[in-house]
Amino acid sequence: MSWCGQVLYSGTAKGTVLRLEAPISFWGGISPDNARVVLENHPQRGVKITDKILIVPDPIGSSSSAAILLELLYAKIAPKGLILGTNKDAILPISVLVAEQMGWNTIPIIAMENPTFKSGEELEIKPDGTIHSI
């Protein structure tokens with residue numbers, strides 16, 4: 001199967017899905033030290049987002065979220081790609097743009113109206129926003 005999303009930052013990624021089951025902001029919700037969910041009472045508290053295709057159906061925007069994602073990219077512990085839901089956080093692509101300017105690895109960021117992907121699925125993201133099940 002394949003789907004198409006809105007490209008917020010183009011790139012390719014292939015990997016296992018981690019779907020966050022509750023709203024989250026990268027600032028205060030994800031540790032920049034170890035890439036684990038640290039938000040108190042989050043259902044996936046303690047889960048590491050490194051090397052996952054991270055599905056965030058309900059991102060909570062914060063300008064500081066870009067700084068956290070940038071730190072994850074710098075430390076090479078970022079997810080492989082992000083798929084954001086309806087409340088797409090327009091600030092997150094800025095961190096990837098900065099990473100590119102610094103010569104660091106980047107990740108694709110895609111927005112979808114209702115991403116239904118489940119944890120454990122295998123996906124591939126293409127530069128045009130096409131997402132394939134693999």
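Listed values, structure above:
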{"item": "Which numbered condition residue 100 fails, given (1) in contact with a Ser or Thr (Cβ under 8 Å, 6 or more places away or on another chain); (2) within 13 Å of residue 2 (Cβ to Cβ)", "result": "(2)"}
{"item": "Only listed residue being surrounded by 14 or more Cβ atoms within 10 Å (Cβ to Cβ), outside any strand (DSSP E or B) and modelled with pLDDT of 95 or more, chosen from 18, 69, 54", "result": "69"}
{"item": "Residues of region 44-60 satisfying the condition of being in contact (Cβ under 8 Å) with a residue 12 or more places away in the chain and either more than 11 Å from residue 79 (Cα to Cα) or hydrophobic (A, V, I, L, M, F, W, C) (or both)", "result": "44, 47, 49, 53, 54, 55, 56, 57, 58, 59, 60"}
{"item": "Subset of region 21-43 (residues that are in contact with a Ser or Thr (Cβ under 9 Å, 6 or more places away or on another chain), in contact (Cβ under 8 Å) with a residue 24 or more places away in the chain and in a loop (DSSP other than H, G, I, E, B))", "result": "25, 34, 35"}
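The values are calculated or read from the model by the stated rules, or taken from the named source; none is laboratory data. As the structure is a computational prediction, the values presented were derived from the model and not from experiment. Cβ sites come from the backbone with ideal geometry, for glycine too, and all protein chains shown count toward neighbours.
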